[in-house]
Amino acid sequence: MASTKKIIVDPLSDNNPITIQVLGICSALAVTVKMDTAFVMACALTAVLTCSNLLISLMRNHIPSRIRMIVEVAVIASLVVLVDQLLRAFLFDLSRQLSIFVGLIITNCIVMGRAEAFAIQNPPKDSFLDGLGNALGYSVILLLVATFREILGSGSWYGINVLPSAYMGNGMALLAPGAFFVLGIIIWVQRTATRNFKDD
């Protein structure tokens with residue numbers, strides 16, 4: 001059994017779900033034009049991932065193996081619907097900006113992967129921490145990408161101007177190719193720092 005520290009810290013660097021496992025790329029590219037949408041998306045995935053890991057772990061001894069993936073999807077989908085309804089109720093404008101991407105958390109490989117690879121086999125405490133660690137690893141990268149894209153694209157950060165008013169903005173940073181470039185550089189830097197290279 002891995003230590004508590006390793007469960008939480010490992011997904012932040014050595015086994016980051018985005019930069020090492022290359023999961024959750026769609027949302028990392030789609031909702032990172034501005035910090036506010038990226039932050040809300042990070043919070044939504046954190047809530048779903050930690051709660052789904054905890055619930056699936058609590059039920060693990062009562063789920064027949066032949067239907068375990070159906071149960072996992074049902075739990076995740078229920079949590080996503082709950083989070084989506086809360087966002088619509090309290091953050092309607094941001095919910096509209098996020099469009100379908102909150103709903104697509106159901107298909108996010110990070111969430112389903114942690115349920116199948118960890119929560120179904122481990123006790124609730126470790127499963128909760130595993131979900132939290134992977135959610136934080138995802139969130140850090142999401143917010144880094146959003147930081148670079150918003151500053152380069154709009155000259156602002158979280159809606160606050162941080163570059164001189166003469167800065168015209170870089171339209172490329174606000175488009176999908178800009179997201180690819182920023183994410184690619186972050187992956188390169190992170191893998192270089194951790195010496196984590198995969199042979200083809």
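The values are calculated or read from the model by the stated rules, or taken from the named source; none is laboratory data. On a predicted model such as this, the values are computed, not experimentally measured, just so you know. All Cβ positions, glycine included, derive from the backbone under ideal geometry; neighbour counts span all protein chains shown.
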Does region 109-124 include one or more residues that are within 15 Å of the chain's Cα centre (by Cα) and of a type in the set (S, T, N, Q)? no
Could you give every pair whose Cβ atoms fall below 9 Å, whose first residue belongs to region 1-26 and is over 18 Å from LEU129 (Cβ atoms), and whose second residue is of a type in the set (Asp, Glu), counting only separations of at least 6 or pairs across chains? ILE20/ASP14
Condition met for SER27 (surrounded by 15 or more Cβ atoms within 10 Å (Cβ to Cβ) and over 30 Å from GLY153 (Cα atoms)): no
Does LEU142 satisfy the condition of being modelled with pLDDT of 85 or more and in a loop (DSSP other than H, G, I, E, B)? no
Restricted to region 158-174 and to residues being outside any helix (DSSP H, G or I) and touching a residue at least 60 places away in the same chain (Cβ under 8 Å), the residue surrounded by the most Cβ atoms within 10 Å (Cβ to Cβ) is TYR158
List the number of the failed condition for GLN190; all other conditions in (1) touching a Phe, Trp or Tyr at 6+ places or on another chain (Cβ under 8 Å); (2) in contact (Cβ under 8 Å) with a residue 60 or more places away in the chain; (3) not basic (Lys, Arg) hold. (1)
Which is over 30 Å from PHE90 (Cα atoms) and of a type in the set (Asp, Glu), of ASP10, ASP36? ASP10
Please indicate, with yes or no, whether at least one residue in region 148-157 is of a type in the set (Phe, Trp, Tyr), outside any helix (DSSP H, G or I), under 17 Å from ASP36 (Cβ atoms) and over 15 Å from the mean Cα position of the chain (by Cα). yes
Could you go through region 127-141 and let me know if any residue there is among the charged types (D, E, K, R) and over 18 Å from CYS26 (Cα atoms). yes
Can you tell which of GLY113, GLY133, GLY178, GLY137 is surrounded by fewer than 18 Cβ atoms within 10 Å (Cβ to Cβ) and either at pLDDT below 90 or part of a helix (DSSP H, G or I) (or both)? GLY113
Do we have any residue at all in region 93-103 that's out of contact with any strand residue (DSSP E or B) (no Cβ under 6 Å at 6 or more places or on another chain), of a type in the set (Asp, Glu) and in contact (Cβ under 8 Å) with a residue 40 or more places away in the chain? no
For region 51-63, state whether one or more residues are farther than 16 Å from ASP130 by Cβ and among the basic types (Lys, Arg). no
Do you know which of the residues in region 67-94 that are within 14 Å of ILE105 (Cα to Cα) and acidic (Asp, Glu) is surrounded by the most Cβ atoms within 10 Å (Cβ to Cβ)? GLU72
Within region 95-108, which residues are crowded, with 20+ Cβ neighbours inside 10 Å and either within 13 Å of the chain's Cα centre (by Cα) or not in a helix (DSSP H, G or I) (or both)? VAL102, ILE105, ASN108
Among the numbered conditions (1) at pLDDT below 90; (2) buried (at least 18 other Cβ atoms within 10 Å of the Cβ); (3) more than 16 Å from the chain's Cα centre (by Cα), tell me where THR32 comes up short. (3)
